[in-house]
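S.K.: Encoded as structure tokens, here's the structure I'll be asking about.
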Amino acid sequence: MLITTKIKLILEQKHHEKLLETMKRYNAACNYISGFAFEQSQYNRIRLQKLVYFVVRDQFQLSSQMTILAVRKVAAAYIADKAKKNEYKKSKGKNVRGQADLVWHDGVFYLLPGVELPENEPYIPNDALGVDLDIKNIAADSMGESLSGDAVQAVRHHCISKHLVEKAKRHRSRLALEDLTGIRERITVRRAQRRNQHAWAFAQLRSYIKYKALLAGVPVVLADPRNTSRECPQCEHTAKENRKTRDWFRCQACEYAAPADNVAALNIRSRAIVSVPNVGVAI
Ligand SMILES: [Zn+2]
């Protein structure tokens, strides 16, 4: 799988200015070549290069290598789509193996190298590890573990996702998360507001879990999230009254009691065992 990393370039002012100025000339050259190619309907890289090479080098003061790169970039974009003239403002686009995009954002240069990491063939799971993601505990699993911490969020999310993926692998289980599309139904307005603030944080944690699972060969499934915090994992009695407080679950039918997040994780697990398909899950 291709993972894009981000490197901040810390440059001296004079180098920063020079790089920015070069980037502007490079983009201007790309726009010139793009306009020329479009008007002449000339999209063949070699022929295009012959036609514009000296003009571009002279007019935009670009090195030979940058001129060739600019032509290649414009020609590649037209291979994908000849319908309209392509414009070049700042560096963008899909990362390619072995290449790095240079982007300038809010006065800072970043290098975005694409790194190819090998995925592992997913195993056939014997069980499922249900995971409930929540603001307070961050993650609670169906084996009774709650994961939280006070570290910097990104570090914490890396640690939690790594731990969950390794745990699932150790127990030869698939990882089961709630289907995000249903999560909104489960929560009250007050929690929804908080959840909204934290939505990006959940997206980050889920994406970490997803890519680490892919790399490790751990299958991931999304389970139906309805009533995961109201259903009794022991007798299946489902009632709002089972969850009288935010933190604690107590079944009104069989008296089963446990922390609410772990109950939700248990229900996610049992749903993941029943609903088996585990390929190509979009998180
Ligand atoms: Zn019960």
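S.K.: Specify whether the C-alpha gyration tensor of segment 1-148 places it in the rounded, prolate or oblate class, a ≥ b ≥ c being the square roots of the eigenvalues: rounded for a/c under 1.5, otherwise prolate if a/b is larger than b/c and oblate if not.
M.R.: Because a/c hits 1.5 or more and a/b exceeds b/c, segment 1-148 counts as prolate.
S.K.: With respect to the cross-link table entries 14/73; 210/240; 18/50; 6/212; 8/167, which display a Cα-Cα separation exceeding 23 Å?
M.R.: Result: 14/73; 210/240; 18/50; 8/167 exceed 23 Å.
S.K.: A further question follows. Test of understanding: ordering 53, 88 by Cβ neighbours within 10 Å, fewest first, what list do you get?
M.R.: Numbers: 53 15, 88 20.
So the residues, fewest neighbours to most, are 53, 88.
S.K.: For a test of the definition: using alpha carbon positions, the gyration tensor, and the 1.5 limit on a/c, classify segment 1-65 as rounded, prolate or oblate.
M.R.: It comes out oblate by the Cα gyration axes.
S.K.: Next up: If neighbour count is taken as other Cβ atoms inside 10 Å, put 254, 232 in order from fewest to most.
M.R.: Exposure proxy ranking, most exposed first: 254, 232.
S.K.: Got a sec? How would 63, 142 order by Cβ neighbour count within 10 Å, fewest to most? Can you show the working numbers first?
M.R.: Details: 63 11, 142 24.
With the sparsest Cβ surroundings first, the list reads 63, 142.
Read-outs: derived from the displayed coordinates by stated rules, not from any lab. As the structure is a computational prediction, the values presented were derived from the model and not from experiment. Here the Cβ is made from the backbone with ideal geometry for all residues, glycine too, and neighbour counts use every protein chain on show.
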